[in-house]
1. Could you please tell me which pairs satisfy a Cβ distance under 6 Å, a separation of 6+ or placement on different chains, a first residue in segment 143-163 that is free of Cβ contacts under 8 Å to residues at least 12 places away in the same chain and open to solvent by less than 80 Å² (accessible area, probe 1.4 Å), and a second residue that is part of a loop (DSSP other than H, G, I, E, B) and among the charged types (D, E, K, R)?
2. Just need a number here: residues in segment 7-54 that are open to solvent by less than 50 Å² (accessible area, probe 1.4 Å), under 18 Å from the mean Cα position of the chain (by Cα) and over 16 Å from Gly69 (Cα atoms).
3. Anything in segment 165-187 that is in contact (Cβ under 8 Å) with a residue 60 or more places away in the chain and either under 19 Å from Gly132 (Cα atoms) or open to solvent by 10 Å² or more (accessible area, probe 1.4 Å) (or both)? List them, or say none.
4. Quick check on my filter: what residues within segment 159-191 are of a type in the set (D, E, K, R) and under 20 Å from Ala126 (Cβ atoms)?
5. Which of (1) small (Gly, Ala, Ser); (2) at pLDDT below 95; (3) outside any helix (DSSP H, G or I) is the odd one out, the single condition Gly66 does not satisfy?
6. Need at least 1 residues that are more than 22 Å from Trp11 (Cα to Cα) and more than 18 Å from the chain's Cα centre (by Cα) per element, so show me which helices (runs of 4 or more DSSP H) inside segment 105-194 make the cut, counting only ones lying wholly within it.
7. Collect the residues in segment 161-178 that are of a type outside the set (Asp, Glu) and under 13 Å from Val116 (Cα atoms), keeping them in residue-number order.
8. Of all residues in segment 79-98, which are crowded, with 17+ Cβ neighbours inside 10 Å, touching a Phe, Trp or Tyr at 6+ places or on another chain (Cβ under 9 Å) and assigned to a helix (DSSP H, G or I)?
Amino acid sequence: ARGGLLYDKWWKEVEGASEPKGNHPLWASQSASKVTGSATWRCKECHGWDYKGKDGAYGKGRRYTGFPGVWDAAQKKSVAELAASLGDPANRRHNAFTAFKSTEIADLANFLKYGVADMPRYVDYATKKPIGADAARGKPSYDKLCAGCHGADGKKLNFGDDKKPEYVGTVAKDNPQEFIHKTWVGQPGSEPPMPSALVSGWNIQQVVDVLAYAQTLPEK
């Protein structure tokens with residue numbers, strides 16, 4: 001699960017790390033995305049919440065970069081091979097990982113190998129609706145793990161602002177792949193720490209059921 005937090009926003013999880021300034025060195029090799037600054041250092045910004053990069057949900061629209069995903073490599077390579085690639089001294093242009101200790105390289109490699117969800121199995125990309133999900137089955141799970149912080153209606157925490165609010169229901173409807181990732185592993189740097197469904201012993205179907213329920217909650 002910690003590898004999934006690193007994939008999201010690693011400087012919130014790496015002890016002693018600071019939020020990067022400026023663009024990632026590899027960002028200049030693309031011109032489609034207008035994102036700038038520390039966001040360009042997030043694994044998800046290039047490779048997507050579905051880990052498929054240009055072949056997934058970030059294959060078009062404002063998040064398109066043309067960068068490949070990590071899904072295929074994670075399927076083909078062993079944990080040791082993934083860790084060796086991530087920690088390769090010759091790979092310093094991809095240098096987010098210079099801040100990582102060997103344990104963090106291992107956490108990220110293990111997440112890529114064993115923790116990622118095969119998003120197209122669980123989300124209809126055209127409609128953004130979960131596949132094979134049951135909102136009624138998801139409600140008790142939401143009430144148990146999520147409602148304490150997010151509220152019964154999902155509006156207790158606003159990730160946006162007053163003019164453009166963003167609640168649990170907003171994320172669930174607008175970006176279901178992000179919702180699954182964050183529910184599965186948690187939110188990096190949150191206080192109190194966001195519970196991880198993976199750590200809590202859920203299976204991915206329970207997360208998808210919670211997604212279905214969260215899509216019934218208010219988005220504004």
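The values are calculated or read from the model by the stated rules, or taken from the named source; none is laboratory data. Keep in mind that this is a model prediction, so the values were computed, not measured. Glycine gets a Cβ as well: all are built from the backbone with ideal geometry, and neighbour counts include every protein chain shown. These accessible areas exclude ligands, DNA and RNA; they are computed on the full protein's heavy atoms, side chains included. Shrake-Rupley method; radii C 1.70, N 1.55, O 1.52, S 1.80 Å.
1. Gly160/Glu166
2. The number of residues fulfilling the criteria is 7.
3. Asn175, Gln177, Glu178, Ile180, His181, Lys182, Trp184, Gln187 - these are the residues of segment 165-187 that are in contact (Cβ under 8 Å) with a residue 60 or more places away in the chain and either under 19 Å from Gly132 (Cα atoms) or open to solvent by 10 Å² or more (accessible area, probe 1.4 Å) (or both).
4. Just the residues of segment 159-191 that are of a type in the set (D, E, K, R), to begin with: 161-164, 166, 173-174, 178, 182, 191.
Passing the criteria: Lys173, Asp174, Glu178.
5. (2)
6. Ranges flagged: 135-145, 147-150.
7. Of everything in segment 161-178, just one residue is of a type outside the set (Asp, Glu) and under 13 Å from Val116 (Cα atoms), namely Gln177.
8. Leu86, Ala96, Phe97
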